[in-house]
Amino acid sequence: MPRLGLSASTLMSIAIKLLLSFLSLAYLTDAAILTQPHTSWALARISSNNDNPLSRVLSGGLQRRLKPGETPLSRVFRYKYDEDALGQGVTVYVLDQGVSCKHIDFGGRAKCPQAGDLTAHWISRLNAWAKPKALDHGTAVAGVVASNTWGVAKRANIVSVKVVKDDRSVKASLVIQGLMYAASKERKKGPESDSRAIITMSIQLRREAAVRMAIEAVSSQHQIVVTSAAGNTGQDACAFDPTRMADVVVSGGSDIADEMYGMSNYGSCISVIAPAVDCLSTAWREDDTAFDLAAGYTGTAMASAYTAGTIANMLSRPVFAHYGPDLLKSIIIRRAQRGAIRNIPHGTPNRVLMSIIKPSTSETASAQSASSRASSSNQQNRIS
């Protein structure tokens, strides 16, 4: 194997510079699956269960002669996805420090609560008081979920729910209000609505029973999927809320070399592991229309965002559209790649998130049967 004599961090720096130089929105077609070239290592990783991106670089991805129109990163870092499952009709509520909703890479799909929205009065006030720079973290999370360039679910909708203050402090009461706000917005859509929702958060709390009750309510009563970052304190995720909850899809973090992110929380409460180090995403800038609106971010909030985007893509498939949070979580876990992460703490499930999840034959048959029963029930209701 050729040796470049470069550290992983140096290689990542080179990759980012090359990526920004060759960035293009051109997409390649391969049967039913589309391929986005010039993307991040993280998107490439979750959409392929081959060797990790770093191994492909070291095996000559940056050295072999390029074909016409090809760049080093278009060969090494490619995001594969199904155009029919890109989060269409799905809303992702980002409970964070706020999102720069006018960012050009969201294409108008990101919404911030307005002052006239009485159900979000407290959120509107927090947004009004927010220093613009404080939006950076939430904007990056939303970008991994659904931005045009760096997002997993490129057609999903984003709603910013600011529950973390500018100094990164968080109160359980604000988290609960954020959860209830998402539930109320979904409830207003009515029972006839086909839209589905996801809540993603990166909040670490010490055993908050009220928060657990709120999550159980949005999950069981409103069928909203909740994803959470494992946390970045290098501790057992089962010691905190909401990561100790069975209702929540919890994401630990990994790096480009398929090693566990050193600060990621760990343990049996981890559902899957996803990229969390030097993840390219949308960056806050004073000029939301500027071209160079990307940066690298590290933390398990990124891992949770990749998971939320993957679930959004699943929910945009008719077969999965009416699956409950528990079933969706079990499928995410069942379809994950096993045993790929090195240096993983004892007792932590070694499961890497995979973003292309197509329904199996049995899942399709089950969905068709459920649809037939619902149709028959509706017909009987009309007759009676």
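Which one is surrounded by the fewest Cβ atoms within 10 Å (Cβ to Cβ) among residues in segment 235-262 that are more than 30 Å from S195 (Cα to Cα) and touching a Ser or Thr at 6+ places or on another chain (Cβ under 7 Å)?
C238
Residues that are under 15 Å from P345 (Cα atoms), small (G, A, S) and in contact with a Phe, Trp or Tyr (Cβ under 8 Å, 6 or more places away or on another chain): list the strands (runs of 3 or more DSSP E) wholly contained in segment 202-276 that include at least 2 such residues.
Hits in segment 202-276: 248-254.
Under 8 Å between Cβ atoms, which residue pairs at least 6 apart in sequence (or on different chains) link something in segment 311-324 that is over 13 Å from Q223 (Cα atoms) with a partner that is assigned to a loop (DSSP other than H, G, I, E, B) and acidic (D, E)?
As it stands, the answer is S316/D84; R317/D84, since those pairs meet every condition given.
Out of (1) open to solvent by 60 Å² or more (accessible area, probe 1.4 Å); (2) over 19 Å from K111 (Cβ atoms); (3) part of a helix (DSSP H, G or I), what's the single condition that is false for R187?
(2)
Inspect all residues belonging to segment 136-154 and state whether any of them is surrounded by fewer than 16 Cβ atoms within 10 Å (Cβ to Cβ) and modelled with pLDDT under 90.
Scanning segment 136-154, I find no residue that is surrounded by fewer than 16 Cβ atoms within 10 Å (Cβ to Cβ) and modelled with pLDDT under 90, so the answer is no.
Quick check on my filter: what residues within segment 344-368 are open to solvent by 40 Å² or more (accessible area, probe 1.4 Å), modelled with pLDDT of 95 or more, under 30 Å from Q36 (Cβ atoms) and part of a loop (DSSP other than H, G, I, E, B)?
Result: I344, single match.
Pick out the one residue from R75, R109 that is closer than 30 Å to K358 by Cβ, among the basic types (K, R) and at pLDDT 90 or above.
R109
With the requirement that a residue be of a type in the set (S, T, N, Q) and assigned to a loop (DSSP other than H, G, I, E, B), what does segment 132-177 give you?
S147, N148, T149, S169
Name the pairs: first residue in segment 135-159 and farther than 15 Å from V99 by Cα and acidic (D, E), second residue open to solvent by 20 Å² or more (accessible area, probe 1.4 Å) and assigned to a strand (DSSP E or B), Cβ to Cβ under 7 Å, at least 6 apart or on different chains?
Filtered contacts from segment 135-159: no entries.
Output the number of the condition that N313 fails; it satisfies all remaining conditions of (1) under 28 Å from T233 (Cα atoms); (2) open to solvent by less than 20 Å² (accessible area, probe 1.4 Å); (3) among the polar types (S, T, N, Q).
For N313, the exception is condition (1).
Can you name every residue in segment 213-246 that is charged (D, E, K, R) and in contact with a helix residue (DSSP H, G or I) (Cβ under 9 Å, 6 or more places away or on another chain)?
D241, R244
Taking segment 210-252 as the region of interest, how many residues are closer than 17 Å to Y93 by Cα and of a type in the set (A, V, I, L, M, F, W, C)?
12
The values are calculated or read from the model by the stated rules, or taken from the named source; none is laboratory data. Computed from a predicted structure; not experimentally measured. No Cβ is skipped: glycine too gets one built from the backbone with ideal geometry, and neighbour counts run over all protein chains shown. For the accessible areas, the whole protein counts, side chains as well, though only heavy atoms, and no ligand, DNA or RNA atoms are used. Shrake-Rupley method; radii C 1.70, N 1.55, O 1.52, S 1.80 Å.
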